[in-house]
Amino acid sequence: MKSDAKVLGAIGFLMPFYSWLALDVASLYVAFVINLFLVGSVYMIFYTLVIGARNKKILPAFAKSVKGDVKTVFGIPVACVLAATAVINMIGFSEPAMVIVVFFTSLFITLFWKYAKVIENVAFRRKIAVAKLREGDVLFESKKWVGLTKEEVQKIKRTRKNVVIKEGVRFAPAFPLALVATYYLGNIILSFMVI
């Protein structure tokens, strides 16, 4: 987390020194943030899929999670379709394809949410000896993604032998990818709107 923040801070500091694509500094920042969100989303999906492919425990755990919560998996898309249909009827806009898009989009998001939870619980948890515990590590039992302070690490080392920590997506590569996208495309959303 700290390394990601440092990379983002460095990019934010250097941006004003470059006038790419005839953008002013404010527009450049906006374009980069939007691109970071889009590129980061694609990167995270790809990253978690690779993790799932490499860890044989993921797919069985994912299948079990979906099977055990079918009502949620299909209930959310159905609720989204009903809400979308109500809005469409309210504004007098008739487009059946929109309902299909809403259903499959919400189904994908719901399934990916379940998949991400499995990744977090199976692949992103690691039991270590307290001797290896470091400042900034996040305990798996913690509900907040807040790293341990130096004092907390010392306290844990005095009271435990082992702890379970949680890891996360190594997000740092998404920053240069978003930077390259900003350099060549500007704001990705605006670029696709023009096309």
(Q) Explain nothing, just compute: Karplus ³J(HN,Hα) = 6.51 cos²θ - 1.76 cosθ + 1.60, θ = phi - 60°, for every residue of segment 162-169 in order, whole Hz, x for Gly and Pro. (A) 9, 9, 10, 10, 10, 10, x, 5
Q | Where labels lie 7 Å past Cα in the beta-carbon direction, separation of Val130 and Ala63 in nm | A | 4.1 nm
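What is the extension gain from Phe104 to Ser41, computed as 0.36 nm multiplied by their sequence separation minus the C-alpha to C-alpha distance, in nm to one decimal? It would help to have the intermediate numbers written out before the result.
On the way: separation 63, 0.36 × 63 = 22.68 nm, distance 1.78 nm.
Full extension of this stretch gives 20.9 nm more.
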(Q) Under 21 Å between alpha carbons, and skipping anything fewer than 8 positions from Lys157 in its own chain: which lysines qualify? (A) Lys127, Lys132, Lys143, Lys144, Lys166
Q | Amide H partners (placed H, <5 Å) of Arg125, local residues excluded | A | Glu167
Q | Rounded if a/c under 1.5, otherwise prolate or oblate - segment 112-193, Cα gyration tensor axes | A | prolate
Q. For segment 100-110, what does the Karplus curve 6.51 cos²θ - 1.76 cosθ + 1.60, with θ = phi - 60°, yield as ³J(HN,Hα) per residue in whole Hz, taken in order and with x for Gly and Pro?
A. 5, 4, 4, 4, 6, 5, 5, 5, 4, 4, 5
Q) What is the set of long-range amide H partners of Asp137 at a cut-off below 5 Å, with H atoms built 1.01 Å from backbone N? A) Leu148
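With a 10 Å radius around each residue's Cβ, average the other Cβ atoms per peptide and rank 27-34, 149-156, highest first.
Sorting 27-34, 149-156 by mean packing, highest first, produces 27-34, 149-156.
All of the numbers you see were taken from the coordinates with simple rules; none came from a lab. Values in this document were obtained by computation on a predicted structure and should not be read as measured data. Virtual Cβ from ideal backbone geometry, glycine too; neighbours counted across all protein chains shown.
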